Each structure stands twice: as structure tokens, then as C-alpha cells.
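Asks: Please see the structure below; I have some questions.
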Amino acid sequence: KKDIPAVNFIIHEIHCRRNIEICPYCSDSIPKSEMKNHIESEHVQVTCKCRMKMESSLLKDHEASSCPLRPVLCQFCDLQLAFSKLQEHELYCGARTEPCGRCGRHVLLKELKEHPRVCG
């Protein structure tokens, strides 16, 4: 899968046929001596804590960006909870009130960022 000078092509091709394999899962060129390790570390099926099955190489990205059980922070109270519970929690949490330091009115937490523009 690389450009090889024509004078070296035959020697290179012999070397590759002896030492390199194409991974049947990802089509990467892998040294034959490392193929078993490559398959075990990159392509073995694992189960996330959310019970979704995937290749082990995809687990880290899944846990960071798409797992419904990944930890996230509430924008109102900084409580850490599972992403799947965030919307319900923020609906409740954002409906709590705090007194405004300037006007003294009780303001919904979800409106606290906008309140300074209308405070007075």
C-alpha cells in the first residue's frame, strides 16, 4: 500500500509476502508475528457497562462520547450523573430558585444566566 521504486519492487514484494499480512477485519498491513496480538487487542468483542457490544478499539470513544451511562455534570449544580439521566435531572434542578444578589427576587436557576439583563 505504499509507492516503491521500480528497482526495489521485486525484493520489496518478496519481503512483504513473507512478513506482512492484511488484517481481515480492518485491512491494515500487520507484521505476521503481530497479527494475533493485533486481533486480540483491536478486534476482540467487549461489552460496555451499557451492555452494548463492540470491538475493543472502539470502546474508549464510545465511553467518552456516545455511551448513555457516560458521566456528565449538571449545568446547574455540578452533580455528576449518567448522561441518560441528565435531561430529567436538569428539568428538576433548573426549576429550583435562588435569590438574586442585586434585586433580591427569587430566580429560576435555568434563567439565572439571562436574569442580569432584566434585573432591576
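Asks: Being among the aliphatic types (A, V, I, L, M) and either in a strand (DSSP E or B) or surrounded by fewer than 15 Cβ atoms within 10 Å (Cβ to Cβ) (or both) narrows it down to one residue among MET54, MET35; which is it?
Replies: Answer to the check: MET54.
Asks: Can you work out which of the residues in segment 62-120 that are among the basic types (Lys, Arg) and more than 30 Å from THR47 (Cβ to Cβ) is surrounded by the fewest Cβ atoms within 10 Å (Cβ to Cβ)? Write out each step before concluding.
Replies: We begin by selecting, within segment 62-120, every residue among the basic types (Lys, Arg); these are 70, 85, 96, 102, 105, 110, 113, 117.
Narrowing further to those that are more than 30 Å from THR47 (Cβ to Cβ): 96, 102, 105, 110, 113, 117.
On the way: ARG96: 12, ARG102: 10, ARG105: 11, LYS110: 16, LYS113: 10, ARG117: 7.
Step by step, filter segment 62-120, then rank; the result is ARG117.
Asks: Which residue pairs have Cβ atoms under 8 Å apart, sit 6 or more places apart or on different chains, and have a first residue in segment 20-47 that is under 17 Å from LYS2 (Cβ atoms) and a second that is surrounded by fewer than 10 Cβ atoms within 10 Å (Cβ to Cβ)?
Replies: What qualifies is SER29/LYS1.
Asks: Moving to a separate point now. Which of the numbered conditions does LEU59 fail, given that it passes all the others? Conditions: (1) farther than 30 Å from CYS26 by Cα; (2) surrounded by 11 or more Cβ atoms within 10 Å (Cβ to Cβ); (3) among the aliphatic types (A, V, I, L, M).
Replies: The failed condition is (1).
Asks: Oh, and also: If a residue must be open to solvent by 90 Å² or more (accessible area, probe 1.4 Å) and part of a helix (DSSP H, G or I), how many such residues does segment 1-31 contain? So that I can check it myself, show each step before the final result.
Replies: Restricting attention to segment 1-31, the residues satisfying the condition of being open to solvent by 90 Å² or more (accessible area, probe 1.4 Å) are 1-3, 6-7, 9-11, 15, 17-18, 22, 24-25.
Of the ones still in play, those that are also part of a helix (DSSP H, G or I) are 6-7, 9-11, 15, 17-18.
Selection size over segment 1-31: 8.
The values are calculated or read from the model by the stated rules, or taken from the named source; none is laboratory data. Everything numeric in this text was worked out from a predicted model, so none of it was measured. Methodologically, a virtual Cβ is constructed for each residue, glycine included, from the backbone with ideal geometry; neighbour enumeration extends over all protein chains shown. Heavy atoms of the whole protein, side chains included, go into the accessibility calculation; ligands, DNA and RNA do not. Shrake-Rupley method; radii C 1.70, N 1.55, O 1.52, S 1.80 Å.
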